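Structure record follows, encoded as structure tokens.
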Amino acid sequence: MVYSSSADRGLRELLLMLPEIRKAVPDFKVLIFYGFLNWESAAKARNNPAEMQEIETIKKLMEQPGVEYHGRVDKNTLAKNQMESKVWLFPTFFSETFCNTAVENSLAKNAILSSNLAGLKTTVSDSGILLDGYADYGGSHPETYKRQFIEESIKLLTDESYRLSWAEKAYQKAQ
């Protein structure tokens, strides 16, 4: 799958759940197409050690098996990788106003799993799996959310008919 949102919007949570997902789906990979420059620059300008620590935590988690970091890339490269993906797993706690990335992944025919939050409620709505019980911004999701997210991720990655039905719903809504 491709992760192309800002790293402060749930990447840490996804990477923390990745080992358990990969136990069931060993060849699953997360390709990260986003940089840290904007967030890192803002955190330094604010002299915010907690944010700098969060950035370092995420960078350390990106060193695990199944993660490929590509940084920022052009739209054609991003689109090509999204179209080669199967799912978009986005365990966010960020209040998106719209979420272009959800539309991009829908048009790439990826099944969507995310949080039932803010703009995702309308941009994705019933064309994806949206979970309740997420953390407040920057927090750690409760165990019940994590367990459900991991189970749904594994089901999407191992049950092709299930994944395809969600991918088609996402594609039809985006159309």
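Values in this text are rule-based calculations from the coordinates and carry no lab data. Remember, it's a predicted structure, so these values are computed and weren't measured experimentally. Virtual Cβ from ideal backbone geometry, glycine too; neighbours counted across all protein chains shown.
For the reader, a short list of remarks on this structure follows.
- Hz values of 3J(HN,Hα) by residue in segment 145-160 - Karplus curve (6.51, -1.76, 1.60), Gly and Pro given as x: 5, 4, 4, 5, 5, 5, 4, 5, 4, 4, 4, 5, 8, 10, 10, 4
- Choice from Lys109, Lys155, Lys75 with maximal GNM fluctuation in the chain (Cα, 10 Å cutoff): Lys75
- For segment 48-161, the number of Lys pairs separated by eight or more positions or lying on different chains, with C-alpha atoms closer than 17 Å, is 6.
- Rounded Å value of the spacing that divides the Cα centres of segment 123-141 and segment 52-122: 13
- The trypsin sites (Lys or Arg not before Pro) of segment 1-73 that DSSP puts in a loop, and whose beta carbon has at most 11 other beta carbons within 10 Å, are Arg46.
- Shape class for the chain, computed from the alpha carbon gyration tensor (a ≥ b ≥ c): rounded, with a/c under 1.5.
- Loop-located chymotrypsin sites (Phe, Trp or Tyr not before Pro) in segment 62-134 (DSSP state other than H, G, I, E, B) with a sparse environment of at most 16 neighbouring Cβ atoms within 10 Å: Phe98.
- Comparing Ala42, Ala79, Ala111 in a Gaussian network model of the chain, where Cα atoms under 10 Å apart are tied by springs, the biggest mean-square fluctuation is seen for Ala42.
- Mean Cα-pair separation over length for segment 24-175, i.e. relative contact order, pairs under 8 Å, 6 or more apart, %: 22
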